[in-house]
């Protein structure tokens with residue numbers, strides 16, 4: 001099974017936590033037809049968030065410190081006994097930052113929204129018209145649906161939202177920057193599935209020229225669609241024919257799931 005637990009990939013509080021993926025009609029049809037989830041190359045997400053996959057301002061500020069700027073208490077608590085150790089840490093941090101820049105192009109992600117109920121904000125952010133679809137699943141269903149995919153390991157965990165001016169991302173694992181985002185994006189409540197292609201020597205870990213996926217914009221990952229999908233919701237203002245099309249298409253592809261119209265625009269009862 002490609003899904004692999006990782007101590008830094010924190011699952012939701014419950015395996016039955018509801019997760020949502022909002023998409024347009026074309027992407028939904030592609031999911032049913034190919035029976036694959038699309039994992040975007042992480043560096044392509046910078047169009048939406050320029051800080052995606054980077055360390056914080058505080059990480060950089062530490063690298064600009066001098067040994068004499070550190071208090072005795074700070075040196076002791078950090079285990080920095082002399083300037084040689086301090087310099088080695090600074091150089092290691094700089095090297096980590098350079099590697100992370102490269103690793104943005106060898107890492108692929110698929111994102112979900114963790115929430116008990118559908119989100120009006122997500123409908124607005126991710127759909128440009130009224131022909132959208134929301135797949136409702138659970139953390140456990142997502143993990144189990146990946147059982148048939150054997151090419152690369154998949155990690156799944158919640159994104160951590162921090163203040164990039166006042167907080168630092170740990171630098172002892174190259175995957176850490178890919179699981180943090182700025183607090184401005186906290187409304188996303190993102191659950192992220194991540195594939196790191198250098199895993200087990202399947203891609204070059206150090207050399208950009210050796211990246212086997214340099215011309216690959218995304219990976220298609222085989223999933224058990226029937227296990228993945230719990231419910232299907234049609235956009236709040238979608239015309240009735242969209243609802244009928246989705247219901248017919250799911251039946252055609254053998255997906256025996258309830259298709260529901262979003263109730264965000266339902267009429268008040270008083």
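We did not get these values from a lab; they are worked out from the coordinates using the rules stated. Bear in mind the structure is a predicted one, so any value in this text is a computation, not a measurement. Heads up, the Cβs are rebuilt from the backbone with ideal geometry, glycines too, and the neighbour counts pull from every protein chain shown.
Tabulated results
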{"item": "Degrees between helix 25-34 axis and first principal axis of the chain (Cα, 0 to 90, nearest 10)", "result": "90"}
{"item": "Estimated FRET transfer efficiency when R0 is 51 angstrom, pair residue 76-residue 230 (beta carbons, to 0.05)", "result": "0.45"}
{"item": "Debye-sum result for the range 135-224 in log10 I(q)/I(0), which assumes one identical scatterer on each alpha carbon, at q = 0.11, 0.17, 0.18, 0.20 Å⁻¹", "result": "-0.42, -0.96, -1.04, -1.16"}
{"item": "Nearest 10 degrees, 0 to 90: helix 240-252 Cα axis against the chain principal axis", "result": "80"}
{"item": "Footprinting exposure proxy for 78, 40 (fewest neighbouring C-beta atoms within 10 Å first)", "result": "78, 40"}
{"item": "Percent of Cα pairs exceeding the 27 Å cut-off, where the set is the range 65-216", "result": "43"}
{"item": "Approximate spin-label separation residue 206-residue 34, in nm, with each point projected 7 Å along Cα-to-Cβ", "result": "3.4"}
{"item": "Inverse mean reciprocal Cα-Cα distance (Kirkwood Rh) of the chain, Å", "result": "20.6"}
{"item": "Förster radius 35 Å - calculated FRET efficiency between residue 58 and residue 258, Cβ distance, rounded to 0.05", "result": "0.15"}
{"item": "Computed over the range 144-246: relative contact order in percent, which uses C-alpha pairs under 8 Å that are six or more apart", "result": "36"}
{"item": "Extension gain, residue 95 back to residue 116 (0.36 nm per residue minus Cα-Cα distance, nm)", "result": "3.5 nm"}
{"item": "Virtual spin-label span in nm between residue 85 and residue 68, 7 Å along Cα→Cβ", "result": "2.1"}
{"item": "Once the Cα gyration tensor of the range 196-249 is diagonalised, semi-axes √(5λ) in Å", "result": "40, 14, 9"}
{"item": "MRE, 222 nm, helices only [DSSP H, n ≥ 4, -39500 (n - 2.57), over the chain, to nearest 500]", "result": "-8000 deg cm²/dmol"}
